[in-house]
Each structure stands twice: as structure tokens, then as C-alpha cells.
1. Specify the angular offset, from 0 to 90 degrees and rounded to the nearest 10, of the alpha carbon long axis of helix 532-550 from the longest principal axis of the alpha carbons in the chain.
2. Taking the DSSP beta bridges in the chain as the whole, what percent of them are antiparallel, to the nearest 5?
3. Counting alpha carbon pairs within less than 8 Å and at least 6 residues apart, what relative contact order, in whole percent, applies to the chain?
4. Taking only C-alpha pairs under 8 Å that are 6+ residues apart, what is the relative contact order of the range 211-299 in percent?
5. Roll a 1.4 Å probe over the protein chains and send me the accessible area per residue for the range 367-523 in Å².
6. Write down the accessible area per residue of the range 164-290 in Å², having rolled a 1.4 Å probe over the full set of protein chains.
7. Rounded to the nearest 20 Debye, what is the dipole magnitude of the range 413-506 about its Cα centre when Lys and Arg each give +1 and Asp and Glu each give -1 at the C-beta?
8. With the dipole of the chain worked out from charges on the C-beta (+1 for Lys and Arg, -1 for Asp and Glu) around the Cα centre, which of Met135, Val56, Gly378 lies farthest toward the positive end?
Amino acid sequence: MRSPIIFVVDDDPQVLKAVSRDLKQKYRKNYRVMSTESAVEALASLETFKKQGDLVALFLSDQRMPEMLGVDFLAKAKEVYPNARKILLTAYSDTDAAIRAINDVNLDYYLTKPWDPPEERLYPLISDQLQAWAMNNKESVHNIRLLGYQYSPKSHQIKDFLSGNLFPYEWLDVEHNPRAAEVMMRHDLKSKDLPAIIFEDGEVIAGDSLVPIAAKLGLQPTAKEKLYDVAIIGGGPSGLAAAVYGGSEGLRTILIEKRAPGGQAGTSSRIENYLGFPNGLSGAELSHRAFAQATRFGTETLIPQSVERIEMQDGYKTLVMVDGTVVHTRAIVVTTGVSYRMHEAKALEAYTGAGVYYGAATTEAASCRDKEVYVVGGGNSAGQGAVYLSNFARKVHIILRRDNLKETMSSYLIHQIEEIKNIVVEPHYEIVDASGEGRLEKICLKHAETGETEERPVDSLFIFIGAKPLTDWLPAEVLKEGKGFVLTGRDLNMHPEFKRNWKKDREPFSLETSVPGIFAAGDVRANAMNRVASAVGEGAMAISFVHRYLSEI
């Protein structure tokens with residue numbers, strides 16, 4: 001496969017020559033930099049590129065051009081290459097148009113002229129956008145192939161793991177992809193071996209165990225040090241923030257995550273209200289930027305790994321993993337977050353991973369192309385999932401029990417949904433039954449007001465119906481409120497057992513649990529604000545309290 005393309009369009013010959021020169025100087029080893037003064041000529045070239053199987057990674061277009069405005073060009077280019085990153089080159093007088101274009105064409109960034117020096121004003125921006133394109137474009141690298149059945153929970157588990165950790169892979173559905181039979185024959189694979197993953201060097205790992213796959217990919221499930229200052233359990237936004245600040249402030253820090261960096265937020269197709277990113281970014285982008293930061297500061301990470309229990313003695317804590325290995329630490333920050341609640345319709349349980357998915361919109365979206373898809377839920381996660389799935393599915397139905405989305409979803413998302421023609425919102429409905437041979441094929445809906453039921457065909461069902469905290473594994477000494485969220489700081493006073501068990505002369509720190517030296521941050525904590533920004537803030541705060549705790553022992 002030929003190198004991906006960076007495509008520059010500007011009607012000013014001098015500007016076009018200068019920006020093309022700068023881009024070639026930096027990126028010519030990995031990308032082809034192509035340019036033209038004509039937006040019409042550029043659009044014609046895109047059709048040729050598409051037929052030849054070429055990939056366009058990034059468009060950089062001037063705004064003021066005689067044939068068409070840059071925003072209009074990018075809108076048309078998006079129809080041919082929807083995954084390419086889009087940057088508008090503007091004068092200072094055009095910044096208002098650029099900001100409007102963020103919503104109109106999902107503009108990724110705007111760059112004002114001049115961009116000198118490029119080392120400061122051009123290259124960091126372009127490199128950031130190219131990295132984001134590579135992370136989200138599975139066509140860019142095909143050194144991993146995954147074979148399996150589309151409606152297999154085992155296949156879904158591996159796809160979810162690879163996608164969450166941003167390892168590009170080629171998915172070969174053995175029932176519908178004609179190449180799959182050829183690959184199976186070449187590697188002597190049988191149906192009983194599936195799912196199977198084939199690496200670039202020819203090694204094959206069959207079965208659904210993530211441990212050998214993670215080892216092959218260079219991930220680390222076992223701790224290297226004998227003792228850590230702080231162990232962070234959970235790699236969501238709060239855990240990643242704690243990992244960044246713990247590492248940057250010189251603490252021996254270890255982060256333990258059972259699936260992939262980002263947690264539930266990492267599966268979000270678009271986060272549009274996070275400070276400093278006016279065009280929004282995916283949960284995966286945000287998570288892996290933070291993960292790279294934490295790694296750069298020396299934080300050690302165990303993936304995939306889960307803590308089975310915490311043992312305490314003489315102020316030290318021992319984390320016992322599900323595989324029997326241990327991590328010794330002086331302090332702990334619990335950031336395990338929440339998981340989507342299981343749907344109360346029992347019939348759906350049999351189809352989890354086989355047409356029924358909790359979250360996972362970004363993982364399974366490609367398999368929903370031209371299909372009928374249902375989304376259950378009325379919160380922001382459901383809205384973001386529906387918007388993303390609408391790029392692939394023939395129609396997306398949002399099922400909710402309430403009258404409308406206004407009480408539970410942000411207004412910007414509601415507006416987006418109203419503008420998308422293949423999304424339909426269906427209030428007052430709930431799923432009461434499901435059926436299918438080996439996979440989900442039909443659901444039974446009940447109307448809350450009339451009581452009438454109707455059966456509908458369905459290809460995939462995505463469920464986003466509230467959350468429950470992942471705290472069952474915590475020791476009894478860590479006090480929780482009725483729903484299982486961890487109590488911290490002043491909230492501990494509401495629990496009748498707290499004063500009998502707390503042995504310190506001081507009051508607990510704001511994010512400290514009922515066990516000195518164990519802290520909680522993010523969605524797992526009682527009365528936490530369910531926002532990515534607040535989770536990040538709590539993760540950073542937790543490290544400041546860890547410092548204060550460590551100074552006592």
C-alpha cells in the first residue's frame with residue numbers, strides 16, 4: 001500500500017508553495033504531500049485516489065478561494081474521505097467562519113496565517129492530527145488480522161480489547177468475507193480455533209484469552225518493582241490524571257487497568273465539551289494522549305490486569321491480582337468508575353456480544369453498515385453512540401421511556417440528533433423481550449402509555465442505561481453508600497460505622513475513604529459529578545492528598 005496523502009489546497013501560489021515545502025520537509029518519509037491551486041481540480045483528484053485505493057490522511061484548505069470557500073471544499077471532500085482530518089487555513093478575519101465550520105463540517109482545527117516558525121506553529125498541530133487519524137483509521141495498518149464470527153461474544157471481546165488499546169486490525173468475518181477462508185486454509189485454522197488473531201510475523205493466537213495477545217503486543221500484566229508509593233486502580237480519566245500527576249511529581253506510581261486506557265469515557269465516539277478542544281475529540285484520543293503523558297513521566301502500567309482484593313498490614317497495602325501476582329504499595333487511589341447497568345429484560349442476556357452490546361458503539365459500528373440499529377438510553381453516552389452509528393447504519397432508533405431527551409441529554413447533542421435524518425427518537429417505549437437463532441434478530445417493544453406491544457427486526461442493539469459502581473471487590477472496611485458508591489471525606493460522617501472504625505486523630509482528607517491511605521476519585525465516588533473534566537480534576541487532587549498521607553508514615 002502506498003503512503004497516505006496530505007492534500008493542500010490554496011489559490012495563492014506563494015502560500016501553496018510555502019506550506020507544501022514545510023510539510024514535505026517534515027513528513028515526506030511517511031506521507032505523500034500533494035497540492036493544487038484549484039478546489040475543483042482537487043475534488044476531481046479525490047475520485048481518482050479513491051478508485052486507486054489511496055488513503056487521504058489530512059486536508060489543509062485555504063478558506064477564501066474564488067471557486068469555492070474552503071469550508072465548502074472540506075464538506076465535499078468529507079463525502080469521499082469521511083475519516084480524513086480537516087484543517088482550515090485562515091486569515092485572522094476568517095476565524096468566525098472557522099469556528100462555525102467546527103459544527104458545519106466537523107472541522108478538526110483551523111490554522112491562522114502566517115505559521116512561522118513551523119516548528120512551533122505548524123508541525124505540532126499537523127503531527128497531532130496525523131496521529132489522531134492513524135489511531136482511528138484501521139485501513140492505515142494491516143499488520144494484525146482477526147478472524148471470527150460477527151455475532152460471537154468471544155470475537156467481540158477481542159475486537160473491543162484491540163480497539164480500546166488502539167491497535168489497528170483487519171476484521172475478517174468468516175461467514176461473509178471471502179478472504180477469510182483463504183487465510184484459514186493458509187494457517188491451518190479450523191472453526192473450533194476461532195476467534196484467531198494473526199500477527200505480522202505469522203504467529204497465530206487462537207481462542208479468546210487476552211493475556212497472550214497482550215503479551216505479544218508488548219503490554220505488561222506483571223509489576224516490575226517491589227514497592228510503590230501509590231497504586232492507581234482503574235484507567236479512566238481520573239485514573240489517568242492521577243497517573244500523570246503521580247509520575248510527574250516523583251512518586252513511584254503504578255496504574256492497573258483491566259481492559260484499556262480511558263474506561264467508559266474512552267469508548268465515547270465524541271467528547272465535545274472538554275475544555276481546550278473546541279472541535280471535540282474522541283474518548284480514545286483523549287485517553288491515549290493522557291496515557292502517553294503518564295508513561296513519559298515514568299508511571300508503570302499493567303494491562304490487562306484486575307485486582308481481586310486488597311490486604312492491609314502495618315500501613316502497607318497489598319493488591320492481590322486475579323492471576324495470583326501481587327503489588328505492594330503505600331497508598332491506593334481507587335478510580336474503577338462505573339459500568340453500564342444490565343437491561344432488565346432477561347431475554348437479552350443470551351445475546352450479549354451477539355447483537356446486544358453495552359456501550360461499544362465505536363467497536364461494532366463498522367459491522368452495522370446499512371443495517372437497522374437500536375440504541376436504548378437517553379443520556380449523553382446514548383446520544384454520542386447514536387450520532388456515531390448514524391454514519392454507518394441505515395437507520396438508528398433511540399428508545400427511551402421518558403417523553404423526550406431534554407431532561408437527560410445535553411442540548412448540543414439533541415440539536416445534532418435532530419439534524420441527522422437517519423436517527424429517529426421513539427419515546428415511551430421499553431424492550432420487554434428478544435429472540436433469535438444464535439444472535440439477536442428481533443425485539444419486542446411495549447408502549448408505556450397504551451400498553452401495546454410490537455415485534456421488530458433488529459441487527460444490533462446498543463444499551464446505555466445508567467451505571468453501577470465497580471466496588472464489589474473492595475474490602476468491607478472501605479465504607480459505601482446504599483448504591484455501592486464509595487464514601488469519602490465529610491460524607492463518611494453519614495455512615496454509622498465510620499466513627500467506630502476511624503483511628504486517626506485527624507479528619508479524613510476530602511477524597512480519602514474510611515481506610516487511611518486509600519483514596520477514591522471520579523465516578524466511583526459518592527456524590528461525584530459525572531463529567532470528564534471533574535474526574536480529571538479529582539484524579540489530580542487525589543495525588544496531592546497522597547503526598548500528605550505519605551508524609552505521615
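The values are calculated or read from the model by the stated rules, or taken from the named source; none is laboratory data. Not measured: the values here are computed from a predicted model. Cβ placement follows ideal geometry from the backbone for every residue including glycine, while neighbour counts extend to all protein chains displayed. Accessible surface is based on the protein model in full, side chains and every heavy atom, while ligands, DNA and RNA are left aside. Shrake-Rupley method; radii C 1.70, N 1.55, O 1.52, S 1.80 Å.
1. So the helix axis and the longest Cα principal axis differ by about 40 degrees.
2. 35
3. Working: 1123 pairs, mean separation 57.8, N = 553.
The value is 10 percent.
4. Numbers: 131 pairs, mean separation 25.6, N = 89.
Relative CO of the range 211-299 lands at 29 percent.
5. Details: 7810 Å² over 157 residues.
Heavy-atom accessible area per residue stands at 50 Å².
6. For the range 164-290, the solvent-accessible area averages 43 Å² per residue.
7. Details: 14 positive and 18 negative charges, 214 e Å.
Its charge dipole is roughly 1020 debye.
8. Met135
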